[in-house]
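Engineer: Pasting a structure here, questions to come.
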Amino acid sequence: MKAAREKPPISKAPVAGSSRSVAASSVVAVVIFLAAHLALLVGIATPDKFVFDEVHYVPAARQMLEPVMPQPMLNPMHPPLGKQLIALSIRSFGDKALGWRYLSVLFGALAVVAIYLCGLVLFAAQAPAIACALIAFFNQMLFVMARTAMLDIFALAFELFAIAAFMHGFKQRRPHRWFALAGLAFGLSAACKWSGLFPLAVSIAIIAVVRLMQGWRTEFADARDSDWYSPDLWPDFRFYHFAACFVLLPAIVYLASFVPLYGLSLSDIWQAQRRIFSDNTTTAIAGHTYMSSWPSWPFLVRPVWFLFDKIADGRIAAVVFLGNPLVLWPALLALAIALRDFIVTRRTDAFLILAFYFGLYLSWALLPRTLGFLYYYLPAATFASVALVYALRREGCPRWLLWAYVVVAAAGFAAMLPISAASMGTTMSTFNRLMIFQNWI
């Protein structure tokens with residue numbers, strides 16, 4: 001039976017092979033980084049006190065700057081790299097608000113660049129890749145987290161770079177170098193927060209499925225170049241390559257982050273892992289005002305208030321981690337479109353979008369702990385921008401529609417700025433107007 005009409009085959013490289021294209025992409029990446037960095041930096045020193053979980057991570061980072069680590073060690077329930085980065089920021093810019101948060105700004109800008117690279121890999125064109133970066137930035141979540149001294153923005157940047165490298169390697173006949181780069185970045189992400197293991201697990205699962213189907217000699221009767229699976233995919237990628245890229249390299253990078261704290265004491269490093277495992281899987285955690293369960297996150301049922309202060313002139317300074325409804329609610333429809341396309345046409349780009357979005361999101365459902373927050377949805381929500389671009393550039397969609405949507409997303413972001421940036425301040429009337437639902441308060 002003749003295959004359904006399909007798009008031209010997906011390019012096997014994120015950009016055209018010429019050095020000119022690589023240079024152009026590098027220039028665009030630098031421009032995106034500088035623009036995002038500048039936008040995130042404005043008003044970063046406000047407030048000049050801790051917001052939300054900065055109360056945990058900044059003191060832990062301060063400990064790391066002591067000549068001898070004081071005891072007890074603060075915040076032992078997370079790996080050290082994110083706190084080490086905050087400590088580096090404090091050492092460089094001082095023990096003040098700018099020092100606490102500057103590297104978060106830097107990594108927030110890098111995360112925007114990483115999602116641009118994800119778009120470049122998937123769509124092999126500059127315009128949709130830039131749209132991915134813009135939508136991810138306008139999704140408010142990244143903006144708020146990149147201006148807060150917490151671990152999540154560091155883990156996010158590393159895992160998005162890892163996903164971009166993995167997806168590029170996925171399309172290559174010889175993926176070794178790209179898979180190794182992905183493994184390195186996955187290890188760095190996990191060294192910030194264990195949630196960095198989720199996209200690593202997705203990558204391992206993808207490779208396992210491909211190899212299983214190849215072992216069964218699976219072939220599609222109407223095979224096409226855009227298929228996510230091929231029986232001759234990665235012919236020279238052996239098991240020992242897989243073990244090196246996705247087990248050994250991430251493990252070495254991850255464990256190396258503990259050496260500054262514990263030296264080469266294997267027993268101390270092992271005990272640290274047991275403590276992290278215990279703290280991240282326990283169900284005996286008390287409730288929290290802003291807690292929410294994973295099924296509610298895509299619908300933005302319960303935000304997390306990072307700051308709500310009355311200021312001298314009767315105005316308020318507010319920071320809410322909510323997400324832009326004009327981005328995240330339409331993203332659900334975009335994901336449904338990608339799912340339909342994957343089922344009907346087996347497209348590689350649809351497959352990778354679905355695999356990493358749902359892998360980043362649904363992994364939280366497997367954890368036994370009862371305490372959850374909307375900011376756990378940050379990686380999946382950021383990657384959802386790629387799904388939106390995919391849906392808006394399908395065959396039959398006018399070219400202007402994608403950019404019209406980017407403008408809509410920007411408008412939603414601008415409307416939320418009074419409750420996203422404490423330095424702006426706002427009035428109670430604006431606050432009440434933005435709080436559409438009672439459970440947002």
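The values are calculated or read from the model by the stated rules, or taken from the named source; none is laboratory data. The structure displayed is predicted, hence computed values, not measured ones. Note that we place each Cβ from the backbone using ideal geometry, even for glycine, and neighbour counts take in every protein chain shown. When the accessible area is computed, the model is the full protein with side chains, heavy atoms only, and any ligands, DNA or RNA have been set aside. Shrake-Rupley method; radii C 1.70, N 1.55, O 1.52, S 1.80 Å.
Engineer: For the stretch 263-278, give me each residue that is over 26 Å from Leu367 (Cβ atoms) and either assigned to a helix (DSSP H, G or I) or of a type in the set (S, T, N, Q) (or both).
Structural biologist: Going through the stretch 263-278, the residues over 26 Å from Leu367 (Cβ atoms) turn out to be 263-267.
Within the stretch 263-278, Ser265, Leu266, Ser267 qualify.
Engineer: Would you check which residues across the stretch 103-137 are touching a residue at least 60 places away in the same chain (Cβ under 8 Å) and of a type outside the set (A, V, I, L, M, F, W, C) and list them?
Structural biologist: Gly108, Tyr116, Gly119, Gln126, Pro128 - these are the residues of the stretch 103-137 that are touching a residue at least 60 places away in the same chain (Cβ under 8 Å) and of a type outside the set (A, V, I, L, M, F, W, C).
Engineer: On to the next question. Say whether the condition of being of a type outside the set (A, V, I, L, M), crowded, with 21+ Cβ neighbours inside 10 Å and touching a Cys at 6+ places or on another chain (Cβ under 9 Å) is met by at least one residue in the stretch 43-66.
Structural biologist: No: the stretch 43-66 contains no residue that is of a type outside the set (A, V, I, L, M), crowded, with 21+ Cβ neighbours inside 10 Å and touching a Cys at 6+ places or on another chain (Cβ under 9 Å).
Engineer: Any residue in the stretch 55-74 that's among the polar types (S, T, N, Q): show its pairings with residues that are modelled with pLDDT under 95 and in a loop (DSSP other than H, G, I, E, B) at Cβ separation under 8 Å, as long as the two are six or more apart or on different chains.
Structural biologist: Gln63/Met69; Gln63/Pro70; Gln63/Met73; Gln63/Leu74
Engineer: Additional query: Does Pro70 qualify as being part of a loop (DSSP other than H, G, I, E, B), closer than 25 Å to Ala191 by Cα and at pLDDT 95 or above?
Structural biologist: So Pro70 fails the test.
Engineer: In addition: Does Leu366 count as hydrophobic (A, V, I, L, M, F, W, C) and without any contact (Cβ under 8 Å) to a residue 12 or more places away in the chain? Talk me through it step by step, then tell me what you get.
Structural biologist: Values: hydrophobic (A, V, I, L, M, F, W, C): yes; without any contact (Cβ under 8 Å) to a residue 12 or more places away in the chain: yes.
Yes.
Engineer: Please list, ordered by first then second residue, the pairs with beta carbon atoms under 7 Å, 6 or more apart or interchain, first in the stretch 235-248 and more than 13 Å from Phe186 (Cα to Cα), second at pLDDT below 95 and not in a loop (DSSP other than H, G, I, E, B).
Structural biologist: Hits for this filter: zero, empty list.
Engineer: Sort out which residues of the stretch 149-201 are assigned to a loop (DSSP other than H, G, I, E, B), more than 26 Å from Asp279 (Cβ to Cβ) and among the charged types (D, E, K, R), and write them in order of number. Walk me through it before giving the result.
Structural biologist: The initial filter retains those residues of the stretch 149-201 that are assigned to a loop (DSSP other than H, G, I, E, B), namely 149-151, 171-175, 193.
Going one step further and asking which of them are more than 26 Å from Asp279 (Cβ to Cβ), we end up with 171-175.
If the condition is that a residue be assigned to a loop (DSSP other than H, G, I, E, B), more than 26 Å from Asp279 (Cβ to Cβ) and among the charged types (D, E, K, R), then Lys171, Arg173, Arg174 are the ones that fit.
Engineer: Regarding the stretch 300-310, can at least one residue be identified that is out of contact with any helix residue (DSSP H, G or I) (no Cβ under 9 Å at 6 or more places or on another chain), loosely packed, with under 14 Cβ neighbours inside 10 Å and more than 20 Å from Asp53 (Cβ to Cβ)?
Structural biologist: There is at least one residue in the stretch 300-310 that is out of contact with any helix residue (DSSP H, G or I) (no Cβ under 9 Å at 6 or more places or on another chain), loosely packed, with under 14 Cβ neighbours inside 10 Å and more than 20 Å from Asp53 (Cβ to Cβ).
Engineer: For the stretch 300-312, indicate whether the set of residues that are in a strand (DSSP E or B), out of contact with any Ser or Thr (no Cβ under 8 Å at 6 or more places or on another chain) and not hydrophobic (A, V, I, L, M, F, W, C) is non-empty.
Structural biologist: The answer is yes; a qualifying residue exists.
Engineer: So, one more: Does Leu181 meet the test of being within 24 Å of Ala380 (Cβ to Cβ), open to solvent by 30 Å² or more (accessible area, probe 1.4 Å) and out of contact with any Gly (no Cβ under 6 Å at 6 or more places or on another chain)? Walk me through how you get there before you give the answer.
Structural biologist: On the way: within 24 Å of Ala380 (Cβ to Cβ): yes; open to solvent by 30 Å² or more (accessible area, probe 1.4 Å): yes; out of contact with any Gly (no Cβ under 6 Å at 6 or more places or on another chain): yes.
Yes; evaluated as a whole, the condition is true for this residue.
Engineer: Could you figure out which of (1) part of a helix (DSSP H, G or I); (2) surrounded by fewer than 17 Cβ atoms within 10 Å (Cβ to Cβ); (3) modelled with pLDDT of 90 or more isn't true of Leu40?
Structural biologist: For Leu40, the exception is condition (2).
Engineer: Out of Asn432, Asn439, report the one residue that is in contact (Cβ under 8 Å) with a residue 40 or more places away in the chain and open to solvent by 40 Å² or more (accessible area, probe 1.4 Å). Quick ask: steps written out before the conclusion?
Structural biologist: Details: Asn432 fails: in contact (Cβ under 8 Å) with a residue 40 or more places away in the chain.
Result: Asn439 is the single residue among Asn432, Asn439 that is in contact (Cβ under 8 Å) with a residue 40 or more places away in the chain and open to solvent by 40 Å² or more (accessible area, probe 1.4 Å).
Engineer: Additional query: Here is a list: Gly94, Gly99, Gly43. Which entry is farther than 26 Å from Gly196 by Cα and in contact with a Ser or Thr (Cβ under 7 Å, 6 or more places away or on another chain)? Break it down into steps so the answer makes sense when it comes.
Structural biologist: Values: Gly94 fails: in contact with a Ser or Thr (Cβ under 7 Å, 6 or more places away or on another chain); Gly99 fails: farther than 26 Å from Gly196 by Cα.
When all the criteria are applied, what remains is Gly43.
Engineer: Same structure, new question: For residues that are open to solvent by less than 10 Å² (accessible area, probe 1.4 Å) and not hydrophobic (A, V, I, L, M, F, W, C), scanning just the stretch 376-394, find the one that is farthest from Trp194 (Cα to Cα).
Structural biologist: Tyr390
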